[in-house]
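Remarks on the structure that follows.
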Amino acid sequence: MPKNRLADIHILHVASCLCITLLNHSCHEKNVAQKQEVFRRNGLCLQIQNPEALDTFSRSRLVATFFDRYLKFREQFNPNAPGTITVAFINGIGAPGLGSSVRGRIYLYSSYLRNDPEPLQETLCHELMHQVLLYHNDVEKWLIEGIADYGNYYYGVTTLAWRRDSFNHTPGSDVSWYSGYQHTAKFLMWLDRQYPGFTRSLHKACLSGAYKRQTYFVDHTNKTIEQLWTSFSKSNFSMELPGK
Ligand SMILES: [Zn+2]
C-alpha cells in the first residue's frame with residue numbers, strides 16, 4: 001500500500017472489521033488497471049475493474065452473486081439505490097479490512113480475497129448493502145455497519161465463521177450495541193423480536209432523515225439503548241440460519 005493511502009482511510013471499527021469507508025477514493029484510481037468487464041442483467045449493470053485478479057470460476061461466481069443478491073437488497077431496502085455498480089479489485093495490502101465502498105463503487109482487496117472464495121462473497125455482499133443504505137450524515141457508523149450485516153444475514157451471504165464465532169452465542173463483555181457489524185446486527189434482530197418491524201422502521205427513518213440518534217430508541221421502545229442491550233445480552237437470544 002502506498003504510504004499516503006493510509007491517511008485517506010478512516011477506520012470505522014477495529015474489532016471484527018470487514019469494511020472501511022473511504023473519505024477520498026481518488027488515490028485508488030491510480031491503482032486500478034484500465035481493463036474492465038461489463039455485465040448487464042435485470043436492469044442492473046456490474047462493471048469489474050482489474051478482473052484478472054480472480055480466476056474465471058471465482059469471477060463467474062462473483063457475477064452471479066452480484067445479480068442475485070443486489071437485486072434482493074434493492075427490493076428489500078432501497079429501490080432507488082444505484083443500478084450500476086463498479087467493483088474494482090485493488091491490492092489492498094496493509095488495509096485493515098477486506099473491502100470498502102463509496103456510492104456506486106466497491107473496492108475489494110485482492111491480496112486478501114483472491115484465494116478465499118467464501119469471504120469474497122461475504123465481503124461483496126456486505127459492501128453491496130452499503131450501496132442501498134444511503135443514509136443521512138447523522139446516522140452513526142456503528143448503526144450503518146450493523147444494518148449492513150443485518151441485511152446481509154437475511155438476503156446476502158455470510159460465512160460460517162461469521163455465524164459461528166461471533167454471532168450465534170451470547171455476547172461477551174467486550175462488545176456492545178455500538179460494536180457494529182454482527183454484534184449490532186444480532187441486537188437488531190432481537191429488537192425485531194421484541195418490537196416487530198423495528199429494524200425496517202429504523203432503516204426507513206435513516207433513509208428519510210427522521211432518525212435522531214439521541215432519541216430514536218427511547219421514543220420507539222420507552223427504554224434507553226443501554227437498557228435494551230442489557231436485556232438482550234441476558235436473553236440467550238439465538239438465530240436460526242436463514243433459508244436461502
Ligand atoms: Zn461496512
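Condition first: buried (at least 23 other Cβ atoms within 10 Å of the Cβ) and out of contact with any Lys or Arg (no Cβ under 6 Å at 6 or more places or on another chain). Now tell me which residues in segment 154-187 satisfy that. Within segment 154-187, Trp162, Gly180, Tyr181, Gln182, His183, Thr184, Ala185, Lys186, Phe187 meet the criteria. A single member of Glu122, Glu127, Glu75 is acidic (Asp, Glu), at pLDDT 95 or above and within 16 Å of the ligand (Cβ to nearest atom), and it is Glu127.
For segment 190-202, the count of residues that are within 16 Å of the ligand (Cβ to nearest atom), within 16 Å of the chain's Cα centre (by Cα) and closer than 26 Å to Thr123 by Cα is zero. Determine if segment 101-110 includes at least one residue that is over 15 Å from the mean Cα position of the chain (by Cα), farther than 24 Å from Lys186 by Cβ and either surrounded by fewer than 17 Cβ atoms within 10 Å (Cβ to Cβ) or assigned by TED's automatic domain parsing to the domain that holds Tyr211 (or both). No. Based on this model, can you work out whether Thr158 counts as touching a strand residue (DSSP E or B) at 6+ places or on another chain (Cβ under 7 Å) and either near the ligand (Cβ under 10 Å from one of its atoms) or in the same structural domain as Tyr216 (by TED's automatic domain parsing) (or both)? No: the conditions fail for Thr158.
Assess whether Gly83 counts as being in contact with a Pro (Cβ under 6 Å, 6 or more places away or on another chain), over 14 Å from Trp162 (Cβ atoms), surrounded by fewer than 17 Cβ atoms within 10 Å (Cβ to Cβ) and not charged (D, E, K, R). No. Screening segment 132-155 for residues that are of a type in the set (D, E, K, R) and under 15 Å from the mean Cα position of the chain (by Cα) and picking the one that is farthest from the ligand (Cβ to nearest atom) gives Glu140.
For segment 207-244, the candidate set comprises residues that are of a type in the set (A, V, I, L, M, F, W, C) and outside any helix (DSSP H, G or I); within that set, the residue that is nearest to Val132 (Cα to Cα) is Ala210. Whether any residue in segment 40-52 is surrounded by fewer than 17 Cβ atoms within 10 Å (Cβ to Cβ), in a helix (DSSP H, G or I) and either out of contact with any strand residue (DSSP E or B) (no Cβ under 7 Å at 6 or more places or on another chain) or modelled with pLDDT under 95 (or both) is what I want to check. Yes, because at least one residue in segment 40-52 is surrounded by fewer than 17 Cβ atoms within 10 Å (Cβ to Cβ), in a helix (DSSP H, G or I) and either out of contact with any strand residue (DSSP E or B) (no Cβ under 7 Å at 6 or more places or on another chain) or modelled with pLDDT under 95 (or both).
The values are calculated or read from the model by the stated rules, or taken from the named source; none is laboratory data. It should be emphasised that the depicted structure is a prediction, and the values quoted were computed from it without experimental measurement. Virtual Cβ from ideal backbone geometry, glycine too; neighbours counted across all protein chains shown.
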